[in-house]
Every structure is written in C-alpha cells, then in structure tokens.
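This report concerns only the one structure given below.
The values are calculated or read from the model by the stated rules, or taken from the named source; none is laboratory data. Because the structure is predicted, anything quoted here is derived from the model rather than measured. Counting neighbours? That spans all protein chains shown, and the Cβs are built from the backbone with ideal geometry, glycine included.
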Amino acid sequence: MLCDICHKSEAVLIYTLVINNQKTALHLCEHCATKRELINSVSSLGLTDFISLISYPDNIDKLKCPRCGLTYRKFISCPKFGCSDCYKVFEKEIAPILRRLQGSDEHIGKMALNSSNNSKEKKVLELRKRLKDAIAGELYEEAARIRDELKKLKSDEG
Amino acid sequence: MKVENPAERCTSSGGEDFFNITPLWSSGEGIYSEIVLSSRIRLARNLAAFKFPILSSVKEIEEVFAFISERISFVPIFSLAHFSAFEHKLLLERHLVSNELLKEIAGRGVGIFSGESISFMLNEEDHLRMQSIVSGLELALAYKKLNELDDTFSTSLGFAFSPKFGYLTSCPTNVGTGMRASVLLHLPALVHSSKIRKIVDNLASIGFIVRGFHSESAHIEGNFFHLSTQPTIGRKEEDLISGLHKIVMQLIEYENSARELLLKNAHLQVEDKIWRAMSILKSARLLSVDEFVNLSSAVRLGVGLGILKDVKISTLNQLLIFVQPAHLGKLLGEPKELAEYDMRRAMYVRELLNKGG
Ligand SMILES: [Zn+2]
Ligand SMILES: [Zn+2]
C-alpha cells in the first residue's frame, strides 16, 4: 500500500486518528511518518470526513440550486457551495452530515446584525441582484418568481 | 473606491516602507508570550446579495470588490493587482493572504490595519475572511476586536445568514459561527519528553486541530505548533474561545512541569544546548530557515527558563518574520543568487542578536 501523504513510497506504519470519537487510519511511509511525527493532519480530514459522509439520494439528478446552478452531483465531487441559497436547496442532504461531524446542525452563536431587521432597501438590492443572476443563467421561472417578489415589496410600500 | 494606491497607504508616517515595519502581534506582550506567541481569530463571511466566489465570474467577483470598497471606506483595502509578485510573497509570509487567495488576482484584495492586528482577504473561498491577531494568550481580546468590526461590516454589507445554519460559508465545514480561534504555541519540553504525541491525539479527539509552524503545511519546525478549534456549528463563539483558552492553560502547565523535570534530570545538558544555540546564531555565516527556527526555539526556551537574560521575546518574534526568504530579500535588497539567502540571513540574525536585543 502506498503512503497516504506522499503517494510515492510504501506505507510502513498505520497511524490512527480519532476525530469526534471516530477512528480513521492513515498509512504512512517512514519519511512522512517522521516528518509528520507529531501532527495528525486533522485539518484536511475535516473535509475528507465530510466527503465520506455524503449521501446519494434518489432524486440526485434533480437536485440543483436555481440561483447559482450548482448541481448536487457537482457538490459531491467538490463539496463547496456556490451561493447562500444552496443551504436551503441541499438542507436535507447536509444537515445529517453536520450532525454527525459536529454534533449539531443548529447555529446557536452570534446572530448577524443584518438578519433581524433586514431593511427593505437591502432586500430590494439583493432581489435585483438575484434577478440579474437568474436571467444571466437563463433561469426564467426563478426570474419570474423574483420579479413577483420585487413587485410585492414595492406594493407594500403603498 | 477609496484607496487606489497601496504604495501611498503602505507608507507609515515616518516614511518607512510597510513591509519593514514589525507587526504589532510580535511585540512579545500579553501573558505567557514565550510559550504562546500569538492568538488569532478568523471569521468567514459572505455577502447575501452575491454568489460565492467559487461559482462567480471574474466580472461578478470584481463587482463584489467594488461593492465592499465603496461601503467600507474607513478601512484601507488594496487590490492584489496593485502589488508585485514579490510583494505577494511578502503578504504571504506575513499571513495576511493565503496561497489560495494568490491563485487569482482579479477582484482579489486585502485589507490591513491596526498595525496588522486586523486584516481581511477579499474573495478568497468566501467574500470575506477576517482575522485579528494579538501577542500572547489573548483570545478574548482578539475576538473582541474582530467582533466589533464584524458588526460594522454586517450592517453595511448584509451578510449571508440563516437562523438555522448561521453564517453561510462556501465550505460547509465552516458554517455556523464561521469562526476559527487559534494559537501559535512553543512547546519544546513536551516535544523532548515525547509526551506530545499522546497530547496531540487527545486534542484531536476533543475537536482541536494541531498543525505545524507554517499553518498551511503540517511539518513541525522548532517545536512550534498551531492549535485551533474545529467545530463551527452548535457552539457559541465565547464557548469555543474559552474552551481553547482552557486547553492552552493546561498545555502551559504540562510544558512547565516537563521543563522542571528536564532541568532536574539534565540541567547541564539543557544549559549547554541553549548556550550553544545562542552562540551559533550570534556567529554563524550561513543559516537556513529551518536551522534558524530550530535554534531560535532553544534560545526561546533559554529566555523562558531565565538562562538567557539579554534576549527579548520581541526580537525572537521579529526574527521569525524577517528571516523568511521574501522578507530577507526586501530588507537587504533582493539577492540575485539563491545561495546568498543563507549568508544574508545569518548576517541579519547576527546583527539583531549582537545588538543585545
Ligand atoms: Zn510518504
Ligand atoms: Zn446556490
């Protein structure tokens, strides 16, 4: 078996890591083991763990973020989100992973100042920006929905 | 955009070049600064009105840059394009930018102020990566500084936030607080006693990340470690910070008792090692970065043990920054031959240490 770090030399020892009470084995060559003797490379394993826990739902090919166009398949190959809406679109898929990795999927920390009293001005700005994105991405249904929302905001103004 | 010419902004009132100025965090002030070099808080933030950089076009990324520069006019923001490739290396060595940020130049930027104790990257993986860094074990202070800026930014920029998931980040492993708290530690006696491996394993199992001196690599140099928090969701910022603080206090205690034991069992050998390290640094004609970092660890231990009385922690911190290749090149005029670096590094170290600093 080749070394998990350099992928060049033969692995001679197994280094066991414990992350959130789960064991992961790293196979290391002599050289990398000495170099990393005291280091457990947990840093990169955060994302590796995340990838290993990704599930494959039945509707996998329909899962797509309408705002940024990220598909769930693409997310699986590179688990980074393309916009804030992705969290809503893929909520069912990522919440269980967060629960397993971090023991929770509920934020209890600081609340963003802008979240509670999102001024209308900012909301309109955001919607306009998203409308532009939707049109650019030829997502006309989404664009129509945003346009309605914008109209509603303006009519609320009276 | 408020700031167009970084050269202008990068000049201090004394007319000195920005990169020749020692960052505030290296002052050696703050508690336990021999063992805890610095405390750092990082916050990942995104703007609700824009897609994340990873799926944005260059034009969209430039729009984000313009949007932020317009609204954040009280902070100097520099576009990466205004720096030379050489200056990018300097920024990297200062930990003001990441390798990731430097992969693209257009629409990428950096904000630096308060003697570098607060800085942020624009359009890296997230729209904003803000950090505050202070000398010694001062995590709460570092958070307080950054938290205030975060609120100001939040009001003027409108951060992507969901009541369920918290601050929304491009990588789901950062979602929630978007925060990582970390310290740079110097633990020579624990490394020597070989207890460190067990400690590192235990730290990992309770949710801490341990990395080497250069936080982007995992190599250990000179007994220096980065220790940082891993969880970002389901915990309060204050609890994550006090959790790390408690662990660091415990590590300091372990390190100190390992030092006592070391002195009890091998006092003369320890003293010998420290004085030899000091002599080499004061007289060597060639020094590699690795050799310097290792020897400076021994000297640092000597200061901590009270054996070396005329060396300041601030000098050792300053050396750790300025012996890096780009900084050396800047200080001494860019050397033409790569081999010159070791010679000039040794010269610089000699000068500073023989000054009685
Ligand atoms: Zn290897
Ligand atoms: Zn999206």
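Some notes on this structure:
- Condition met for B:S257 (modelled with pLDDT under 95, surrounded by fewer than 21 Cβ atoms within 10 Å (Cβ to Cβ) and facing chain A (nearest Cβ under 9 Å)): no
- Residue in segment B:263-271 that is more than 14 Å from chain A (Cβ to nearest Cβ) and closer than 22 Å to B:R345 by Cα present: no
- Segment B:83-119 - residue that is in a loop (DSSP other than H, G, I, E, B) and closer than 19 Å to B:F153 by Cβ and, of those, farthest from the chain's Cα centre (by Cα): B:G107
- Of all residues in segment A:94-110 being more than 7 Å from chain B (Cβ to nearest Cβ) and modelled with pLDDT under 90, the one that is surrounded by the fewest Cβ atoms within 10 Å (Cβ to Cβ): A:P96
- Flag if B:A204 is in a helix (DSSP H, G or I), free of Cβ contacts under 8 Å to residues at least 60 places away in the same chain and closer than 17 Å to B:S182 by Cα: yes
- Meets criteria (farther than 30 Å from B:L168 by Cβ, modelled with pLDDT under 95 and more than 13 Å from chain A (Cβ to nearest Cβ)) for B:A277: no
- Segment B:148-190, subset more than 23 Å from the chain's Cα centre (by Cα) and assigned to a loop (DSSP other than H, G, I, E, B), residue surrounded by the fewest Cβ atoms within 10 Å (Cβ to Cβ): B:P163
- Members of segment A:79-93 that are more than 8 Å from ligand 2 (Cβ to nearest atom), facing chain B (nearest Cβ under 8 Å) and not in a helix (DSSP H, G or I): A:P79, A:K80
- Sole exception among (1) at pLDDT below 85; (2) closer than 24 Å to B:L47 by Cβ; (3) of a type in the set (A, V, I, L, M, F, W, C); (4) not in a helix (DSSP H, G or I) for A:I54, by number: (2)
- Filtering segment B:61-75 to residues that are surrounded by 14 or more Cβ atoms within 10 Å (Cβ to Cβ) and in a loop (DSSP other than H, G, I, E, B) leaves B:I72, B:V75.
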